[in-house]
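The values are calculated or read from the model by the stated rules, or taken from the named source; none is laboratory data. Bear in mind that the values here come from a model prediction, so they are computed numbers and not experimental data. Here the Cβ positions follow ideal geometry from the backbone for every residue, glycine too, while neighbour counts run over all protein chains shown. In case anyone asks, the SASA skips ligands and DNA or RNA and just uses the protein heavy atoms, side chains included. Shrake-Rupley method; radii C 1.70, N 1.55, O 1.52, S 1.80 Å.
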Amino acid sequence: MTVHNIRHGDASDGAFAEAVGGRLSRIDGPAKITGAAKYAVEQQLEGLAYAVLVESTIASGKVRAIDTTAAEVAPGVLQVLTPDTIISLKTAADWFGTPPPDKPYCPLARDITFSGQHVAAVVAETFERAVAAAALVKVSYEETPAIVDLSDGKAGDGIAIDAMTKEWGDAQGAFASAPVRICAAYNTPREYQAPMEPHGLIARWEGDRLTVWEPSQWLDGMARTYAEWFGVPFENVRLVSPYIGGGFGSKALALSHGAVAACAAKMLGRPVRLVMTRPQTFTGYGGRAATRQTVTIGADVQGKIQSIVHRGVNETSIDGMWVEPLGSVTSIMYTTPNFSSKQNVVRVNSVVPGAMRAPGENPSAFGIESAIDELAYEVGIDPLEIRLRNYAEQDPHAKKAWSTRQLREAFAAGAERFGWSRRTPEPRSMRDGNQLIGWGVAAGTYPVRRAYGEALVRILADGSVEVESSSIDMGQGTYTILAQTAAETLGVRADDVVVKLGDSRFPRAGVTGGSRLAGVMTGAVYKAATSALDQLVGLAISDPRSPFHALQANTLVVANGRIASPRGDGPDVSVAELLKSVGRDHIEATGDTMPANSTPEDRYKNYTTIAMSVPHTEGDYSRHSWCAHFIEVRVDEDFGTVRVSRVVSALDSGRLYNPKLAESQWKGGIIMGIGQALLEEGIVDRRHGRIVNDNLADYLVPTNADIPDIEVISVGIPDLHSSVLGGKGVGELAIVGVAPAIANAVFHATGKRIRDLPITLEKLI
Ligand code: MCN
Ligand code: MOS
């Protein structure tokens, strides 16, 4: 979509900054800083109309009637949509591509299952007129009692998710006979992604072709959903998403507000823009589900674990299913001969929860990494030492070797840098005036999720290079690392590479979720660039017009945009000159990492569903990123306020494609973890089942003043079992383990164990 002028990385890194592994600065940065970057809903289209949603004010019941009379005659109103007037859609397949039931889909609800559900929409000539008219829509309801959250008496134990059960040995028996036993319950509240850019879209129909400008973590998956809703071919839907102002898991799927806007555009014959208000971003899609876990550990007096029994529950909605895998870290972090983990989900009247940075691993780590700390105090062993005593030398669940696990190295590097050896073990033993100081440690992990990728690389007449992919950059650095990959492979400078992302017309890409995109796309670009290079060298050697033709070389080298014989004894011309001499205006190649015998159906499935994701335990290895967080807190003894004053984290994400960007990702994850530990909590009004702090003044996320110095250390080594270029996931890893490290530090500071996030002052005094 976009042309970037590259600003180079740290001067000290010189030309190396442009190769894979170099510290090149974000090439999309200048466009963002100057405001030149145009986000999806900022497109100016002829005849644009504006849609505003009307949402249910009850959490459970039925819409009795919708009175639209006043709204319809309000100034500037073009259309009022209700379940009765909106066009009917077909149900789309889910993200696994499971064939959907053959029944109509209506994005406006008659049956209300949560507060904030879309019940109507108003479209007007201006946004302000749509807002004013939406306030005139009168909805009457028949209300029924809502199950407000997990603690509601009506909630019950929920549904057992058997697929989540993991068991080996005799966990209950071994626990009963263990000399040391601990058992505790850990809770995390509803949390929200809170991206800076709210969800929204512009939809435009031209005949039976739909273009949607929408921030998206998955253009091809969303295009498939729109196509299935409207019953048009996949090729007829174009998704455009040049920049994304943060997603954190929330922008991967086409949602009902998108369907409403696309219906309105079709019915009206005009392009329609619909942008959620900030409060609507708390109910228009789900944040992280609230969770409860019980972790039971049996150990010997040396702190060696003999048994772990783990039970977890997460919220889901009345009519949707979300499973937050709570046993994911519990089952792999430590070695134990006996293990049992089971999980239930409980239906409550909320929007269906969704993916939020490290879904599963994040709350899972809060349970096990708090519990192991409790065990450390119980047996009187240093919390770092107990982790090393129970170190898992292989995947305890899959019983496979780790592809790479630099966790011991992470513990060592982090402890050294933090000064862990100076810690005094007793709670409340370290202070500075009236501030109690606590030092806590916790580990984190995230699986290496993989899929296949595809990209196009084009060498142009002037020797510059274009890379095209329908994958996206929501701030992680995709533009930059793909420029580096193409530059290194083709022997050109990174500022001669233009990376075009975020348009579903480009070669397809799977979901940007599960921290997989960097590994998938660097692999695909490497492949495409390699085959473009082969073509270039092939032409140079074989074309009679080429200056290299007489040389009878079987290969040539390309570096700094010039092509020459390996021994340097022949011509030395620029790539542009070579293309001119052989009469070509460009060379292009598409490369992908799909298995060789893949059919077109396999490819469609790979890019538009998650059904072809490669399991992280495929083959002989278990693949994960790892980290260790060392955190200092200062707790005001009188007020109970907690401040994080120092963070040192050592992380293993394998080879880093760009350390500067990986460090920035890790720091972002740690900052989000500090928010989770100390601030973030969706508060439910128990009378109405409504989220009351549905705005960024009341739903607190960290600001600069909350964030101390954060030091991150890379301890990874290349892992070729995990990706083509040896990297493992970066984006989600670092949030995992931050909240328990802080809770553990708070215990060390105060002697008070907080097992309910967030750690707010009233829980401490
Ligand atoms: N990287 C690297 N070396 C590696 C792997 C990654 O240098 N071995 C760097 C690259 O700059 C790459 C970035 O880390 O662009 C993230 O790569 P990866 O871990 O593969 O994650 P994805 O590209 O798939 O991004 C998604 C991931 C997820 S799932 C969430 S949630 C999340 C995250 O990234 N949401 C984010 N980071 C985010 N960062 C921003 N700014 N905004 C979000 O919404
Ligand atoms: Mo990330 S929560 O997998 O988009």
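Results, tabulated for the structure shown:
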quantity	calculated
Residue check for G440: assigned to a strand (DSSP E or B), over 30 Å from V240 (Cβ atoms) and either among the aromatic types (F, W, Y) or open to solvent by less than 20 Å² (accessible area, probe 1.4 Å) (or both)	yes
Residues being open to solvent by less than 40 Å² (accessible area, probe 1.4 Å) and in a loop (DSSP other than H, G, I, E, B) - total across region 16-40	9
Within region 517-541, tally of residues that are open to solvent by less than 30 Å² (accessible area, probe 1.4 Å) and either within 16 Å of ligand 2 (Cβ to nearest atom) or polar (S, T, N, Q) (or both)	5
Answer from A223, A185, A178 - the residue that is under 30 Å from Q306 (Cβ atoms), open to solvent by less than 30 Å² (accessible area, probe 1.4 Å) and either more than 22 Å from the chain's Cα centre (by Cα) or more than 16 Å from ligand 1 (Cβ to nearest atom) (or both)	A178
Among (1) open to solvent by less than 10 Å² (accessible area, probe 1.4 Å); (2) under 29 Å from the mean Cα position of the chain (by Cα); (3) of a type in the set (G, A, S), the one test that G320 misses	(1)
Among residues of region 501-534, those that are away from ligand 1 (no atom under 16 Å from the Cβ) and within 24 Å of R224 (Cα to Cα), counted	5
A92 being among the hydrophobic types (A, V, I, L, M, F, W, C), touching a helix residue (DSSP H, G or I) at 6+ places or on another chain (Cβ under 6 Å) and assigned to a strand (DSSP E or B)	no
Qualifying residue in region 116-138 (condition: under 29 Å from the mean Cα position of the chain (by Cα), among the aromatic types (F, W, Y), modelled with pLDDT of 95 or more and within 30 Å of A71 (Cβ to Cβ))	no
Criterion violated by E324 - all others in (1) among the charged types (D, E, K, R); (2) in contact with a Phe, Trp or Tyr (Cβ under 9 Å, 6 or more places away or on another chain); (3) within 16 Å of ligand 2 (Cβ to nearest atom) satisfied	(2)
Which numbered condition P383 fails, given (1) within 16 Å of ligand 2 (Cβ to nearest atom); (2) open to solvent by less than 10 Å² (accessible area, probe 1.4 Å)	(1)
So S464, is it more than 16 Å from ligand 2 (Cβ to nearest atom), in contact with an Asp or Glu (Cβ under 7 Å, 6 or more places away or on another chain) and open to solvent by less than 10 Å² (accessible area, probe 1.4 Å)	no
Sole residue being at pLDDT 95 or above and part of a strand (DSSP E or B), chosen from N344, N349	N344
Pairs where the first residue, in region 326-340, is over 20 Å from G173 (Cα atoms) and the second is of a type in the set (F, W, Y), C-beta under 7 Å, 6+ apart	none
Cβ pairs under 8 Å, 6+ apart, first in region 726-740 and among the basic types (K, R) and modelled with pLDDT of 95 or more, second open to solvent by less than 10 Å² (accessible area, probe 1.4 Å) and near ligand 1 (Cβ under 7 Å from one of its atoms)	K728/S653; K728/G654
Test set (1) in a helix (DSSP H, G or I); (2) out of contact with any Lys or Arg (no Cβ under 8 Å at 6 or more places or on another chain) - A734 fails condition number	(2)
Matching residues, region 469-500, being on the phi > 0 side of the Ramachandran plot and away from ligand 1 (no atom under 16 Å from the Cβ)	G491
Residue match in region 303-310 (condition: assigned to a loop (DSSP other than H, G, I, E, B) and under 19 Å from E214 (Cβ atoms))	no
Region 475-500, residues that are part of a loop (DSSP other than H, G, I, E, B) and within 16 Å of ligand 2 (Cβ to nearest atom)	G475, Q476, G477
Test set (1) under 42 Å from the mean Cα position of the chain (by Cα); (2) without any contact (Cβ under 8 Å) to a residue 60 or more places away in the chain; (3) open to solvent by less than 80 Å² (accessible area, probe 1.4 Å) - E601 fails condition number	(3)
Members of region 100-115 found to be over 19 Å from I86 (Cα atoms) and either open to solvent by less than 20 Å² (accessible area, probe 1.4 Å) or modelled with pLDDT of 95 or more (or both), listed by number	T113, F114, S115
For Y446: the one exception among (1) assigned to a strand (DSSP E or B); (2) open to solvent by 30 Å² or more (accessible area, probe 1.4 Å); (3) within 30 Å of V644 (Cα to Cα)	(2)
Every residue from region 230-253 that is more than 14 Å from ligand 2 (Cβ to nearest atom) and charged (D, E, K, R)	E235, R238
Where D620 falls short, out of the listed (1) in contact with a His (Cβ under 9 Å, 6 or more places away or on another chain); (2) surrounded by 15 or more Cβ atoms within 10 Å (Cβ to Cβ)	(2)
Any hit, region 357-364, residues being out of contact with any His (no Cβ under 8 Å at 6 or more places or on another chain) and either among the aromatic types (F, W, Y) or more than 16 Å from ligand 2 (Cβ to nearest atom) (or both)	no
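Table: residues versus (1) at pLDDT below 95; (2) crowded, with 20+ Cβ neighbours inside 10 Å.
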position: K660; (1), (2): no, no
position: M672; (1), (2): no, yes
position: D709; (1), (2): yes, no
position: V712; (1), (2): no, yes
position: D719; (1), (2): no, yes
position: S722; (1), (2): no, yes
position: I759; (1), (2): no, yes
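Residues are listed down the side, and each one gets a yes or a no for (1) of a type in the set (V, I, T); (2) within 16 Å of ligand 2 (Cβ to nearest atom); (3) in a helix (DSSP H, G or I):
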{"residue": "P100", "(1), (2), (3)": "no, no, no"}
{"residue": "V122", "(1), (2), (3)": "yes, no, no"}
{"residue": "V139", "(1), (2), (3)": "yes, no, no"}
{"residue": "P145", "(1), (2), (3)": "no, no, no"}
{"residue": "V148", "(1), (2), (3)": "yes, no, no"}
{"residue": "F175", "(1), (2), (3)": "no, no, yes"}
{"residue": "P195", "(1), (2), (3)": "no, yes, no"}
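Residues are listed down the side, and each one gets a yes or a no for (1) of a type outside the set (S, T, N, Q); (2) over 30 Å from R603 (Cβ atoms); (3) touching a residue at least 40 places away in the same chain (Cβ under 8 Å); (4) not in a loop (DSSP other than H, G, I, E, B):
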site: T617; (1), (2), (3), (4): no, no, yes, no
site: V647; (1), (2), (3), (4): yes, yes, yes, yes
site: L661; (1), (2), (3), (4): yes, no, yes, yes
site: Q665; (1), (2), (3), (4): no, no, yes, yes
site: I671; (1), (2), (3), (4): yes, yes, no, yes
site: H688; (1), (2), (3), (4): yes, yes, yes, no
site: S723; (1), (2), (3), (4): no, no, yes, no
